[in-house]
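The values are calculated or read from the model by the stated rules, or taken from the named source; none is laboratory data. These numbers were taken from a predicted model, which means no experiment stands behind them. A quick note on method: Cβ atoms are made from the backbone with ideal geometry, for glycine too, and the neighbour counts reach across all protein chains shown.
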Amino acid sequence: MRARLDFTKASPEAFQAVLGLENYVVNQSGLDPHLIHLLKLRASQINGCAYCVDMHSKEARRSGLSEQWINLVSVWRESTVFDDRERAVLEWTEALTNVGDTGAPDSAFEPLKDFFSEKEIMDLTIAISTINVWNRIAVGFRNQHPVDRVRKAS
């Protein structure tokens, strides 16, 4: 698979606009970085974005999150490593990432109120929306993740 185009050069203005959202989420929103890693990783898994799954799992690991935590994000409903706050974020992430199917139901929204202010809920929603934009860019243009040492299963 080859990249279809370099999106940073095809429309630098569009790239900068999305980067502005990313910078807000990461540097200005005040959201817990742990939760940002969580929602980015889960949305990227749902969207089948290898580039972003690779990047965000490495970022989460560098931030001190455990291998077990990272590995179980994709099966969070069956795991006990996620607390109720994280589960609320995961549920909202899935609801918004699959909004065409889910319609963002009250059952996904209401649990957020137990843990987050309205501003934080808005910022989480912007964070989820932003990673979905990145996923669509990376998948749509076949952005390739770097390959670490290749090891094959024996």
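Some values worked out for this structure:
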| read-out | value |
| --- | --- |
| Residue satisfying condition, being assigned to a loop (DSSP other than H, G, I, E, B) and under 23 Å from Val147 (Cβ atoms), within set Leu65, Leu41, Leu31 | Leu65 |
| Scope segment 93-123; condition of a type in the set (Ser, Thr, Tyr) and either surrounded by 12 or more Cβ atoms within 10 Å (Cβ to Cβ) or under 17 Å from the mean Cα position of the chain (by Cα) (or both); matching residues | Thr93, Thr97, Thr102 |
| Subset of segment 113-134 [among the hydrophobic types (A, V, I, L, M, F, W, C) and more than 28 Å from Ala50 (Cα to Cα)] | Phe115, Phe116 |
| Residue within segment 141-153 that is in a helix (DSSP H, G or I) and either of a type outside the set (Lys, Arg) or at pLDDT below 95 (or both) present | no |
| Residue among Thr93, Thr80 that is in a loop (DSSP other than H, G, I, E, B), at pLDDT 95 or above and at negative phi | Thr80 |
| In segment 54-72, the residues that are more than 12 Å from His34 (Cβ to Cβ), hydrophobic (A, V, I, L, M, F, W, C) and free of Cβ contacts under 8 Å to residues at least 40 places away in the same chain | Leu72 |
| Residue match in segment 97-120 (condition: in contact (Cβ under 8 Å) with a residue 12 or more places away in the chain, of a type outside the set (Ser, Thr, Tyr) and within 30 Å of Met1 (Cβ to Cβ)) | yes |
| Candidate set from segment 69-92 (those that are more than 23 Å from Ile126 (Cα to Cα) and aliphatic (A, V, I, L, M)); member that is surrounded by the fewest Cβ atoms within 10 Å (Cβ to Cβ) | Val75 |
